[in-house]
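Q: Below you'll find the structure I mean.
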Amino acid sequence: MDYFPNKTKLLIDGGNESKPYYAEWNALLVPQPPAAIQADHVVINRCFERMKEPHDFLSKLSNLTVPGAELYLFSMNHDEVCQYVGGGRDHIAKAFGPFYQGQSLWLQNWGADKLIELFAEFGWRYEGTFDNIPGFDVEYPHTRFKFRKAVGQAPWQYALDGIKIPEGRILDVGPGNFPWPKATHYLETYDRLKMGAYREDTLPKENVFWGDIQGHTEIPDKFFDFALCSHVFEHLENPEGAAKELTRIAKRGVVIVPSLYKEALTFWDEDDHKWECFPQENDGQLVMKWRNKNFLKRFKDQHMQSAMNRMFHGHDMSTTDLRKAKQWFRANEKYLDVIIQWEGTFEVNVLE
């Protein structure tokens, strides 16, 4: 029986057994795994602690798994395992399968904190232990760790943390492909629909207003108790008009835009952004300056944009710098956006 239907499964097993419903890759014996695998359910058993190059292994694993993938690790407890098999290289090899690439056995003594820290460096978030997986009867002393691969977050997932959202009618302005699940209504433009700015399957079919936040919509005054407007203002021709309309139709809300610093990190790769936005101590004011595209043309470079995006968003985990850059970006993205909380009204200050 398949206990994990509709999953692309990958078993990485250092022993001699295989499970019939897993696409097996013996990580200890195959230096170059099949790149075609894009697994969302991974089990690692009897091998991780014996790898001389766990960083290389985890780097390869990044290319074999999709964002959000689940990973179940049966981790050998070093001292208890040696005692369990009676010690000695022959006994350990018999219990746990072939040596690492034919070389002498390497049994790494990982503590839980060190193991969790290592996986976190490669974008795997620790979710606790698990009871068992049907079909896996692991006899040797071990700890079971469950991890989940990091997924790129929508701004509402990190920017609204700690902000109390009222009950009632809640609007998401310009949801695109990442509609806010807490919203009760959505506002989109027909122009964005025509341009394919979002997939129709991602936007709920009901409670959608069609209109332009820059002009007068058909929404009554103060109709919404809360409005989220995320990564919209930097695209607009008339952000001042949008602020006026947004505060007309909602009582309070949050506006999120990428800061100039965030734009610079990816070398201004979003060509449809019209404004540079600046963080301010005044929570109710959005400070913007028209983007000088002629100035950017002097040094903008497609290869630099690609390199910076790979550094912060790509799958390449082959070096410590790349791993730490991604880890840093995930931890600090909230501070790279300008997040405006407003009630009643808020100002847009356009700099000359």
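The values are calculated or read from the model by the stated rules, or taken from the named source; none is laboratory data. Note that this is a predicted model, so its numbers are computed, not measured. Neighbour counts are summed over all protein chains in view; Cβ atoms, including those assigned to glycine, are modelled from backbone coordinates with ideal geometry.
Q: Give the residue that is nearest to residue 303 (Cα to Cα), with candidates limited to residues of segment 273-284 that are at pLDDT 90 or above and assigned to a loop (DSSP other than H, G, I, E, B). Can you show your working first?
A: Step one: of segment 273-284, the residues at pLDDT 90 or above are 273-278.
Now narrow it down to the ones that are assigned to a loop (DSSP other than H, G, I, E, B): 273-274.
Values: 273: 19, 274: 22 Å.
So, considering only residues that are at pLDDT 90 or above and assigned to a loop (DSSP other than H, G, I, E, B), the one nearest to residue 303 (Cα to Cα) is 273.
Q: In segment 245-258, how many are buried (at least 19 other Cβ atoms within 10 Å of the Cβ) and either free of Cβ contacts under 8 Å to residues at least 60 places away in the same chain or touching a Ser or Thr at 6+ places or on another chain (Cβ under 7 Å) (or both)? Step through it out loud before you land on a result.
A: Going residue by residue through segment 245-258, those that are buried (at least 19 other Cβ atoms within 10 Å of the Cβ) are 245-247, 249-250, 253-258.
When the remaining residues are screened for being either free of Cβ contacts under 8 Å to residues at least 60 places away in the same chain or touching a Ser or Thr at 6+ places or on another chain (Cβ under 7 Å) (or both), the result is 245, 247, 249, 256.
Matching residues across segment 245-258 total 4.
Q: Could you run through segment 124-174 and say how many residues are over 30 Å from residue 187 (Cα atoms) and either outside any strand (DSSP E or B) or not polar (S, T, N, Q) (or both)? Walk me through how you get there before you give the answer.
A: First pass over segment 124-174, keeping only residues over 30 Å from residue 187 (Cα atoms): 124-149.
So of that shortlist, the ones also either outside any strand (DSSP E or B) or not polar (S, T, N, Q) (or both) come out as 124-142, 144-149.
Matching residues across segment 124-174 total 25.
Q: Consider segment 188-230. How many of its residues are touching a Lys or Arg at 6+ places or on another chain (Cβ under 7 Å), at pLDDT 85 or above and not charged (D, E, K, R)? Before you say what the answer is, go through the steps one by one.
A: Kept after step one, since they are touching a Lys or Arg at 6+ places or on another chain (Cβ under 7 Å), are these residues of segment 188-230: 198, 221-226.
Those still in the list that are at pLDDT 85 or above too: 221-226.
Applying the additional criterion that residues be not charged (D, E, K, R) yields 223-224, 226.
Number of matching residues: 3.
Q: In the set 331, 242, which member is part of a helix (DSSP H, G or I), buried (at least 18 other Cβ atoms within 10 Å of the Cβ), on the phi < 0 side of the Ramachandran plot and not basic (Lys, Arg)?
A: On the way: 331 fails: buried (at least 18 other Cβ atoms within 10 Å of the Cβ).
Being part of a helix (DSSP H, G or I), buried (at least 18 other Cβ atoms within 10 Å of the Cβ), on the phi < 0 side of the Ramachandran plot and not basic (Lys, Arg) holds for just one of 331, 242, which is 242.
Q: Pairs needed: first member in segment 219-231, assigned by TED's automatic domain parsing to the domain that holds residue 244 and within 16 Å of residue 181 (Cβ to Cβ); second member anywhere, assigned to a loop (DSSP other than H, G, I, E, B) and of a type in the set (A, V, I, L, M); C-beta distance under 7 Å; at least 6 residues apart or different chains.
A: Note: pairs meeting the criteria are 226/165; 228/183.
Q: Can you name the residue in segment 135-158 that is touching a Leu at 6+ places or on another chain (Cβ under 9 Å) and hydrophobic (A, V, I, L, M, F, W, C) and is also nearest to residue 227 (Cα to Cα) among such residues?
A: Top of the filtered list is 156.
Q: Now for a different question. What residue, among those in segment 245-270 that are hydroxyl-bearing (Ser, Thr, Tyr) and in a helix (DSSP H, G or I), is farthest from residue 171 (Cα to Cα)? Break it down into steps so the answer makes sense when it comes.
A: Step one: list which residues in segment 245-270 are hydroxyl-bearing (Ser, Thr, Tyr), which gives 247, 259, 261, 266.
Among the residues that remain, those that are also in a helix (DSSP H, G or I) are: 247, 261.
Numbers: 247: 12, 261: 28 Å.
Applying the filter and picking the extreme gives 261.
Residue-by-condition table, conditions (1) assigned by TED's automatic domain parsing to the domain that holds residue 111; (2) crowded, with 19+ Cβ neighbours inside 10 Å; (3) within 25 Å of residue 151 (Cα to Cα); (4) not polar (S, T, N, Q):
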residue	(1), (2), (3), (4)
42	yes, yes, yes, yes
46	yes, yes, no, yes
50	yes, yes, no, yes
59	yes, no, yes, no
65	yes, yes, yes, no
71	yes, yes, yes, yes
74	yes, yes, yes, yes
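Q: Another one. Might you check whether a residue that is buried (at least 16 other Cβ atoms within 10 Å of the Cβ) and charged (D, E, K, R) occurs anywhere in segment 336-345?
A: Looking only at segment 336-345, we keep the residues that are buried (at least 16 other Cβ atoms within 10 Å of the Cβ), and these are 336-340, 342.
Still in the running and charged (D, E, K, R): 337.
Yes; the residues of segment 336-345 include at least one that is buried (at least 16 other Cβ atoms within 10 Å of the Cβ) and charged (D, E, K, R).
Q: Can you confirm whether segment 288-303 contains a residue that is of a type in the set (A, V, I, L, M) and either under 30 Å from residue 226 (Cβ atoms) or surrounded by fewer than 15 Cβ atoms within 10 Å (Cβ to Cβ) (or both)? Steps first, answer last, please.
A: At the first step, the residues of segment 288-303 found to be of a type in the set (A, V, I, L, M) are 288, 296.
The next check asks that each one be either under 30 Å from residue 226 (Cβ atoms) or surrounded by fewer than 15 Cβ atoms within 10 Å (Cβ to Cβ) (or both); those that pass are 288, 296.
For segment 288-303, residues of a type in the set (A, V, I, L, M) and either under 30 Å from residue 226 (Cβ atoms) or surrounded by fewer than 15 Cβ atoms within 10 Å (Cβ to Cβ) (or both): present.
Q: May I pose another question? Scan segment 120-134 and tell me whether some residue there is surrounded by 16 or more Cβ atoms within 10 Å (Cβ to Cβ), modelled with pLDDT under 85 and either out of contact with any strand residue (DSSP E or B) (no Cβ under 9 Å at 6 or more places or on another chain) or assigned by TED's automatic domain parsing to the domain that holds residue 77 (or both).
A: Yes, because at least one residue in segment 120-134 is surrounded by 16 or more Cβ atoms within 10 Å (Cβ to Cβ), modelled with pLDDT under 85 and either out of contact with any strand residue (DSSP E or B) (no Cβ under 9 Å at 6 or more places or on another chain) or assigned by TED's automatic domain parsing to the domain that holds residue 77 (or both).
Q: I would also like to ask the following. If you go through segment 69-79 one residue at a time, how many are out of contact with any Leu (no Cβ under 7 Å at 6 or more places or on another chain) and more than 23 Å from residue 135 (Cα to Cα)? Can you show your working first?
A: As a first pass, look at segment 69-79 and keep what is out of contact with any Leu (no Cβ under 7 Å at 6 or more places or on another chain): 69-74, 76-77, 79.
Right, trim to more than 23 Å from residue 135 (Cα to Cα) and you get 79.
So the count comes out to 1.
Q: Scan segment 19-55 for residues that are among the acidic types (Asp, Glu) and either at pLDDT 85 or above or touching a Pro at 6+ places or on another chain (Cβ under 9 Å) (or both) and report the count.
A: If we filter segment 19-55 for residues that are among the acidic types (Asp, Glu), which is where we start, we get 24, 40, 49, 53.
In the following step, the residues that additionally are either at pLDDT 85 or above or touching a Pro at 6+ places or on another chain (Cβ under 9 Å) (or both) were identified as 40.
Count: 1.
Q: Here's a check for you: in segment 156-171, which residue that is surrounded by 14 or more Cβ atoms within 10 Å (Cβ to Cβ) and in contact with a Lys or Arg (Cβ under 9 Å, 6 or more places away or on another chain) is modelled with the highest pLDDT? Show your work before the answer.
A: Here is the first cut: in segment 156-171, the residues surrounded by 14 or more Cβ atoms within 10 Å (Cβ to Cβ) are 156-160, 165, 169-171.
Among the residues that remain, those that are also in contact with a Lys or Arg (Cβ under 9 Å, 6 or more places away or on another chain) are: 156, 158-160, 165, 170.
Numbers: 156: 89, 158: 88, 159: 89, 160: 91, 165: 92, 170: 96.
Here the answer is 170.
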